[in-house]
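Accompanying notes for the structure given below.
The values are calculated or read from the model by the stated rules, or taken from the named source; none is laboratory data. This structure is a prediction, so every number in the text was calculated from the model and none was measured. For neighbour counting, all protein chains shown are included, and Cβ atoms are generated from backbone atoms with ideal geometry for every residue, glycine included.
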Amino acid sequence: MVESRESTDSGAAAADADQLDLADDLRQGLRHAVYLMRGLDADGEWSTAQVGLLNMLAESPMRMSGIAARAGIRVPSATDLVSRLEKAGLVQRTSDPDDARAVRVRLTERGRETLEGVNGRRNAYLARRLARLDAADRQALSRAVPALERLVGLHDDDSR
């Protein structure tokens, strides 16, 4: 009975080690992908943070606290980011129908058009890079996208 338990414990430790290795590889790869995306925005009119916010708001209007939480920034920083985009006419603050004291930020039509242009430029750049990969690498990336989306959608049950 003890041998079986030790075998199970060592199997779990190996699985944990494999997951830690994969987590490290994935974290490093995602970090490099973020650098790639930030580099795309370096010559553009809009910063990576601004484009990220526009992409968030394209999904649905959000409260300032939700923007801050999702962007990993503090509410005052989110407010500053929103204010700059609001001055440019890309976003608009509206009253929150669920709470009269709160506001939601939504994308304007100009914001949507701007975002389509920026994302189109980003997509064209990435498509040119993808074309330089072999078919197996492109297929691997294509298969990885749904798994990444599921990973992002998982909620943490443990406290950090």
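Couple of notes before you dig in:
- Yes/no for VAL145 being in contact (Cβ under 8 Å) with a residue 24 or more places away in the chain and in the same structural domain as ALA58 (by TED's automatic domain parsing): no
- All positions within the stretch 126-160 that are among the hydroxyl-bearing types (Ser, Thr, Tyr) and closer than 18 Å to GLY29 by Cβ: SER142
- Positions within the stretch 91-114 being in contact with an Asp or Glu (Cβ under 9 Å, 6 or more places away or on another chain) and touching a residue at least 40 places away in the same chain (Cβ under 8 Å), in sequence order: VAL103, ARG104, VAL105, THR114
- Residues (surrounded by 15 or more Cβ atoms within 10 Å (Cβ to Cβ), touching a strand residue (DSSP E or B) at 6+ places or on another chain (Cβ under 6 Å) and within 23 Å of ASN123 (Cα to Cα)) located in the stretch 43-87: LEU57, LEU85
- Each residue in the stretch 117-158 was checked for being modelled with pLDDT of 95 or more and not in a helix (DSSP H, G or I), and 3 of them qualify.
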